[in-house]
Amino acid sequence: MSSENSNYNPEEWVTHYEKSGGVSSPSYDETIKYFEKFVRRTKQAQMKSLGYSAKGRDIKYLVISNDSDFTPKRARRDGKVVVLIQNGIHSGEIEGKDATMLLLREILITREKKHLLDNLVLLVIPVLNVDGHERISPYNRPNQNGPTEMGWRTTANNLNLNRDYLKAASPEMRALLRMFSTWMPDFYIDNHTTNGMDYQYHISYAMESHANIDTALAEWGNKKLMTEVISKVESEGFITGPYLELKGGEIEQGITSYPMLPRFSTGYAAAQNRLCLLVETHSLKPFENRVRSTKSMNEAVLEYLNANSEEIKKLNKQADLKAVSRYSLKKQDFPLILRGNDVSSPYLFKGLKSFVKDSNVTGSGVRFYTSEPEDIIIPQFLSSDVIRSVKIPFAYLIPKEFNEIVRVLKLHGVKVRQLSNDIKLNAEKYRFSDVQFAPYPYEGCQRVSYKIKASEEEMFFEKGTFVVVSGQRALKVIAYLLEPESDDSFMAWGYFNQFLERKEYAEAYVFEPIAQKMYDENEELKKEFNQKLEDPRFAASPGDRLDFWYRNSPFFDERENVYPIFRVMKKFKDN
């Protein structure tokens, strides 16, 4: 290990991973002590706190800079590209932490990679899911080859942080988003280990390339950057390929790279008009190999970003401006829901020969993989379609009782103000029908699906109502959270399920005379009711028949099945 630092003592900087012969990873306390040495021994590092975990552990991160650019303001002033490197969002998949130790040692201590700080500021999170990291066991990852002990996938509250980016239900994610929106990194690296089938690849990657991200930014990342990164990583002996999701049950049916929802790191970065590189080493490769391949890919990315810093800054700025111009000013349709389609192209898959063996355990055939390489041509599905689009309003109005929703929006960097006076405005509201609650919880939430119908009317909004104007850089985040048809909206996650419940009822013996009077006096309702009687199920249900009249009476709750966030299409002033 060569060094440009005359005061470098190699023994002092040997990591836990290296001391173990490449089979073990340190505890959180030992990890932080190692990273703290960078702060004590160099002028290029500061350690800061993201916040605290559910168990009260301090989630640390490092800021690495050649020019004391330890704040977002200074980094922007000096024109630096800010790169966020995140490890341990799934704490059983931990090689990124050890790889980052080795990489920072070469940047800060041996100085052989010091040039990487010429144009970059690094934000390094050693471990995000710190509580999961300390739930340590050799049995936490049955499909993984080392380290000897590893942490757990989820937090102490059993939440998967890589499903929490948009709704931000966990203290860990809220801490991350606060830092993210403050620094607004130019590039995001999220280090993981994959599961699934066996194959030749040592390391795989994913980056958004669909209508959920700016086209120019996606092309630059997927074609220019990744072409150079893959070449460098493979030159170091690591077989590299795209992150593999099977199209069907067998590899012969193909692999997909469909758009990721903003609940995931890659999809969230796209919502913020930024690129996120998902790094996935293969779980069955030895831990030592996974650490080295992760370091190789992270380093290759930094090399390219450092050499092309002006380009990525320009693309990010343009992506921010284009999002506002297209969807807020020009009112182009915003692509709210994307789904992969069946358009494919041939791909040379580097697999392993396998065979199926009958199993006494499962009672079916189980596929086993050999160590013999097998390259096969399979279809690769990279295309997607816009399934649902929406016109973005001038502003969303949120009643002031939903201040918790507003707190989450602000964590994402969304600017929110409040009405200074009472006001009447023409506004759109959504009404729900065909409501279906998920039969099982997901990430602690009861998700819900529905159909919506929009209507516009003059509405009264009181002083203090929250106003979220769409014409801001976080426009896409706003739409994903506040448009109820979005897969990751507050509504879809069940945050407003109470508005889908009946809160008041009509007793038949009280309401019968009222219903009869309505029947006798309102010809339109009478006609509609008689038509519904042609449905045998309706005709046979006393409750449904009574409910028809209750719903059409002035006693019915006008808020039932109505989304409590409203859309104002035209610009307005309230002062």
Which of the residues spanning region 131-147 are assigned to a loop (DSSP other than H, G, I, E, B) and either at pLDDT below 95 or closer than 15 Å to Thr193 by Cα (or both)?
Asn140, Arg141, Pro142, Asn143, Gln144, Asn145, Gly146, Pro147
Does any residue of region 167-182 turn out to be surrounded by 21 or more Cβ atoms within 10 Å (Cβ to Cβ), under 19 Å from the mean Cα position of the chain (by Cα), of a type outside the set (A, V, I, L, M, F, W, C) and within 15 Å of Thr266 (Cβ to Cβ)?
no
Region 453-473, subset small (Gly, Ala, Ser) and out of contact with any helix residue (DSSP H, G or I) (no Cβ under 8 Å at 6 or more places or on another chain), residue farthest from Lys317 (Cα to Cα):
Ser455
Ile89 vs (1) crowded, with 17+ Cβ neighbours inside 10 Å; (2) over 23 Å from Thr193 (Cα atoms): all pass except (2)
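Residue by residue, here is whether (1) crowded, with 21+ Cβ neighbours inside 10 Å; (2) touching a helix residue (DSSP H, G or I) at 6+ places or on another chain (Cβ under 8 Å); (3) among the polar types (S, T, N, Q); (4) not assigned by TED's automatic domain parsing to the domain that holds Gln46 holds:
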residue: Leu108; (1), (2), (3), (4): yes, yes, no, no
residue: Lys113; (1), (2), (3), (4): no, yes, no, no
residue: Val121; (1), (2), (3), (4): yes, yes, no, no
residue: Pro126; (1), (2), (3), (4): yes, yes, no, no
residue: His133; (1), (2), (3), (4): yes, yes, no, no
residue: Ile136; (1), (2), (3), (4): no, no, no, no
residue: Asn140; (1), (2), (3), (4): no, no, yes, no
residue: Asn160; (1), (2), (3), (4): no, no, yes, no
Within region 61-75, can one find any residue that is more than 23 Å from Trp183 (Cα to Cα), over 23 Å from the mean Cα position of the chain (by Cα) and modelled with pLDDT of 95 or more?
no
Candidates Asp574, Asp557 - the one that is in contact with a Lys or Arg (Cβ under 8 Å, 6 or more places away or on another chain), assigned to a loop (DSSP other than H, G, I, E, B) and under 30 Å from Val406 (Cα atoms)
Asp557
Residue hits (region 205-257; among the polar types (S, T, N, Q) and surrounded by 16 or more Cβ atoms within 10 Å (Cβ to Cβ)) are Ser209, Asn212, Asn222, Thr240, Thr256, Ser257
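A quick yes/no check of all residues on (1) out of contact with any strand residue (DSSP E or B) (no Cβ under 9 Å at 6 or more places or on another chain); (2) surrounded by 16 or more Cβ atoms within 10 Å (Cβ to Cβ); (3) not polar (S, T, N, Q):
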residue: Asn316; (1), (2), (3): no, yes, no
residue: Phe334; (1), (2), (3): no, yes, yes
residue: Leu338; (1), (2), (3): no, yes, yes
residue: Leu348; (1), (2), (3): no, no, yes
residue: Lys353; (1), (2), (3): no, no, yes
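Rundown of residues vs (1) acidic (Asp, Glu); (2) under 25 Å from Phe460 (Cα atoms); (3) surrounded by 15 or more Cβ atoms within 10 Å (Cβ to Cβ), yes/no style:
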position	(1), (2), (3)
Leu525	no, no, yes
Gln531	no, no, no
Arg537	no, no, no
Ala540	no, no, no
Leu546	no, no, yes
Trp549	no, no, yes
Glu560	yes, yes, yes
Between Asp198, Asp190, which is acidic (Asp, Glu), assigned by TED's automatic domain parsing to the domain that holds Asn316, within 15 Å of the chain's Cα centre (by Cα) and over 13 Å from Ala271 (Cα atoms)?
Asp190
Index of the failed condition, Asp69 passing every other in (1) in contact with an Asp or Glu (Cβ under 6 Å, 6 or more places away or on another chain); (2) assigned to a strand (DSSP E or B):
(2)
Expected single match for closer than 29 Å to Pro259 by Cα, surrounded by 12 or more Cβ atoms within 10 Å (Cβ to Cβ) and touching a residue at least 24 places away in the same chain (Cβ under 8 Å) among Ile392, Ile423 is Ile392
Does Ile32 meet the test of being surrounded by 15 or more Cβ atoms within 10 Å (Cβ to Cβ), assigned to a loop (DSSP other than H, G, I, E, B) and either touching a Pro at 6+ places or on another chain (Cβ under 8 Å) or not basic (Lys, Arg) (or both)?
no
Strands (runs of 3 or more DSSP E) wholly in region 374-487 with at least 3 residues that are acidic (Asp, Glu) and farther than 25 Å from Thr182 by Cβ - which ones?
448-461
Leu103: in the same structural domain as Leu275 (by TED's automatic domain parsing), in contact with a Phe, Trp or Tyr (Cβ under 9 Å, 6 or more places away or on another chain), under 22 Å from Val279 (Cβ atoms) and not in a loop (DSSP other than H, G, I, E, B), yes or no?
no
Mind listing whichever residues of region 71-86 are over 16 Å from Phe187 (Cα atoms) and either crowded, with 24+ Cβ neighbours inside 10 Å or charged (D, E, K, R) (or both)?
Lys73, Arg74, Arg77, Asp78
Yes/no for Tyr201 being in a loop (DSSP other than H, G, I, E, B) and out of contact with any helix residue (DSSP H, G or I) (no Cβ under 7 Å at 6 or more places or on another chain)
yes
In the set Asp434, Asp385, which member is at positive phi and surrounded by fewer than 18 Cβ atoms within 10 Å (Cβ to Cβ)?
Asp434
Of all residues in region 258-284, how many are small (Gly, Ala, Ser) and surrounded by fewer than 22 Cβ atoms within 10 Å (Cβ to Cβ)?
1
Yes or no: Phe461 over 28 Å from the mean Cα position of the chain (by Cα) and surrounded by 13 or more Cβ atoms within 10 Å (Cβ to Cβ)?
yes
For region 258-350, give me every one of the helices (runs of 4 or more DSSP H) that falls completely inside it and has 1 or more residues that are in contact (Cβ under 8 Å) with a residue 12 or more places away in the chain, closer than 30 Å to Leu246 by Cβ and of a type outside the set (Gly, Ala, Ser).
265-271, 287-307
Just give me the residues in region 73-89 being out of contact with any Gly (no Cβ under 8 Å at 6 or more places or on another chain) and not charged (D, E, K, R), in sequence order.
Ala75, Gly79, Val81, Val82, Val83, Leu84, Ile89
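The values are calculated or read from the model by the stated rules, or taken from the named source; none is laboratory data. From a predicted model like this one, the values you see are computed outputs, not experimental measurements. No Cβ is skipped: glycine too gets one built from the backbone with ideal geometry, and neighbour counts run over all protein chains shown.
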